[in-house]
1. Out of Trp10, Tyr256, Gln194, whose Cα points farthest toward the positive end of the dipole of the chain (charges: +1 Lys, Arg; -1 Asp, Glu; placed on Cβ)?
2. Given 20 °C and 1.002 mPa s, compute D for segment 123-257 with the Stokes-Einstein relation, Rh being the Kirkwood radius over Cα pairs; round to the nearest whole µm²/s.
3. Where the centre of each part is set by its Cα atoms, how far does segment 17-48 sit from segment 247-282, in angstrom?
4. Let's see if you can work this out: charge +1 on each Lys and Arg Cβ, -1 on each Asp and Glu Cβ, no other charges. What is the dipole magnitude of the chain about its Cα centre, in debye to the nearest 20?
5. Can you list residues whose amide H is under 5 Å from Leu211's amide H, if they're 5+ apart or on another chain and H is modeled 1.01 Å from N?
6. Starting with the highest mean, order 185-196, 49-60, 124-135 by the number of other Cβ atoms within 10 Å, averaged over the residues of each peptide.
7. Can you tell which of Thr273, Ile21, Asn96 lies farthest toward the positive end of the dipole of the chain, using +1 and -1 charges on the Cβ of basic and acidic side chains (Lys, Arg; Asp, Glu)?
8. Just to be sure I understand the rule: take each whole DSSP H helix in the chain, project its Cα atoms onto its long axis, keep it if the span is 20 Å or more and its mean Kyte-Doolittle hydropathy is at least 1.6. Which ones pass?
Amino acid sequence: MCKSYRKRPWVKGPDPKSQRILNEALKHVESVPYSVSTRWIFYRLYQEGFYKTKSDYENWINLSGKARHSKWGGWTPWTLADDTRKAIDRVYGMQNKESAIDMIPGDIRDLAYISIDHFYRQDCYVELWYEARAMTGQFQHYTDDIDLVPMAGQPSISFKYQLARRLGDKSSKYNLPVTILYFGDEDLSGHVIQRDIEEDLNTWATVNFDLVWCGLTEAQAIHFGVPESVEKKGYQWEALSDEAAGEIISKAIGEYISEDVIEDVKAEVEEATETISPMLNKVADDIEALLKK
């Protein structure tokens, strides 16, 4: 069905009811420090009674699309996230050789900011895998120094094979057992996706691994007051509030990764940076002086 009507700007603006919905939705957008999806906002509005059934999602899609195209009341085309489609950047570099050379001193100074991988000191290597790719911003916000792997629903065979190879590479790199912390919808589809992934990984992976379902669980959904999806007969991860999702993610990570190890590594990085930075700054200053001659 053609959706071009979403692009037509309002002549007089939305009706009063739509204005209340959009204003409330924008408050939710601004309440978190990362980009959120259309569906995440819908669940906030649904739980607050602005929408009565899950089938109203299409109405919200239409309204929010119209607001973004019209740039009404603080809404913009980039207000909501779309992590399912991204451009692939392959063109880079400076304008000419002179500007490229001018960048060298700054690049040398940046070498002082070293990185140390904390997993070399952990008891196991851990990754976070999650079903809802649109919530990547949320997982980025509540995690650090850990790889994220979004599934975007049912992953393809080739992607699952790549993941199996990935686990082997990580196990060889760290010489550690591998643990996958998995987050998905608490419904039939969510568990089918997880079981399908695990089954293919067991077939193709060359190393042993543990795949742990960390959420959403029925107990978590009930505890945090997540509304049950009648259509899917279960609970959706995106229906969690930001605070609840953060608590579930942080608790799961805390059971497998030592925060003390991470803090020790950060202290070493800071110490090393303070030691090497003056030396590299001196080299950069000398190069800058030569370039000016």
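1. Working it through, the farthest residue towards the positive pole turns out to be Trp10.
2. Values: Rh = 15.2 Å.
This corresponds to a translational diffusion coefficient of 141 µm²/s.
3. That distance is 35 Å.
4. Values: 35 positive and 48 negative charges, 450 e Å.
Around 2160 debye, computed over the chain.
5. Amide H neighbours of Leu211: Ile180.
6. In descending order of packing, they fall as 124-135, 185-196, 49-60.
7. Ile21
8. Details: long enough: 16-30 (21 Å, -0.92); 157-174 (26 Å, -0.91); 188-204 (24 Å, -0.63); 259-292 (47 Å, -0.20).
Span-like helices in the chain: none at all.
Just so you know, all these numbers are worked out from the coordinates, no wet-lab data involved. The shown structure was predicted, so the numbers you read here are calculated from the model rather than taken from an experiment. Don't worry about glycine lacking a Cβ; one is built from the backbone with ideal geometry, like all the others, and counts go over all protein chains shown.
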